[in-house]
1. In what sequence do L81, L142, L114 fall when counting other Cβ within 10 Å, fewest first?
2. Does region 1-113 classify as rounded, prolate or oblate by the C-alpha gyration tensor (a ≥ b ≥ c root eigenvalues; a/c under 1.5 gives rounded; else a/b over b/c gives prolate, otherwise oblate)?
3. Tell me the label-point distance for the pair K28, E8, using the 7 Å Cα-to-Cβ offset, in nm and rounded to one decimal.
4. If amide hydrogens are placed 1.01 Å from N in the peptide plane, which non-local residues have theirs closer than 5 Å to the one on A34?
5. How would V182, V56 line up from fewest to most surrounding beta-carbon atoms within 10 angstrom?
6. Compute the length gained on full extension between L108 and K15: take 0.36 nm times their separation in residues and subtract their Cα-Cα distance, giving the result in nm to one decimal.
7. Using a simple spin-label model with points 7 Å from Cα along the Cα→Cβ vector, what separation in nm is obtained for R42 and D198?
8. Just order 40-48, 60-68 by mean Cβ neighbour count inside 10 Å, highest at the front, would you?
Amino acid sequence: MNKTAKSEGLSLCPKCYKANAFVTGRHKCQRCNATFYQRKPRSIEYTIAWTIAALVMFIPANLMPIMVFTALGNVDASTILGGIQTFLKLGMYPVAIVVFIASFIVPLGKILGLVILVLGVRKGPGLKSEQRTKLYHVVEFLGPWSMLDVFVVALMAAVVNLGFLTSIEAGPGITYFTLMVVFTMFAAESFDPRLLWDSEKYE
């Protein structure tokens, strides 16, 4: 069993990073007087709740139109995958690849990553704590990048807008997609990665 600060009766101040003697519940740092907990209260519960909310938003975000493309008076409402096909038809291959990765692969990967992290804390066996920690950092890093899809749609709406001839507008699916991204960011923020090392005793 690997030793941790918790197993040694210590807790680290998130402000000045001083190791304090553990006190049950809320603790005040001996150096900077900042108040904190040894572990984020109800971290797993909040992470599960935000992850479920993100998964719920993922469904309408992919089923509802995220982009409305108008060409010569013909209106075509496209979902994420439909929008990618539109970019491919327009010959905008780099944009299509970026949108596919940022709007489908990355969000789904973040949700799966959060599920793996929660299960790792609850069940213990599986990936090593070092691997789980790396996974957490990847999920946390990718959080804001999914907003790139929202930026692309907004940019296309501003650039490809020739009135009656050609125009692109954001569809109702963009709202659910934005909420999904925000919820995954909240889920990653509420997760306490130190719990991954607490479960080391089960391995």
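1. Listing L81, L142, L114 from fewest to most nearby Cβ atoms yields L81, L142, L114.
2. It comes out prolate by the Cα gyration axes.
3. Roughly 2.6 nm, to one decimal.
4. It is C29, by chain and number.
5. Final ranking by Cβ density, sparse to dense: V56, V182.
6. Here the answer is 30.2 nm.
7. So the two model labels end up 1.5 nm from each other.
8. 60-68, 40-48
Read-outs throughout are calculated quantities, based only on the coordinates presented, and are distinct from any laboratory measurement. None of the values given here were measured: they were computed from a predicted structure. Heads up, the Cβs are rebuilt from the backbone with ideal geometry, glycines too, and the neighbour counts pull from every protein chain shown.
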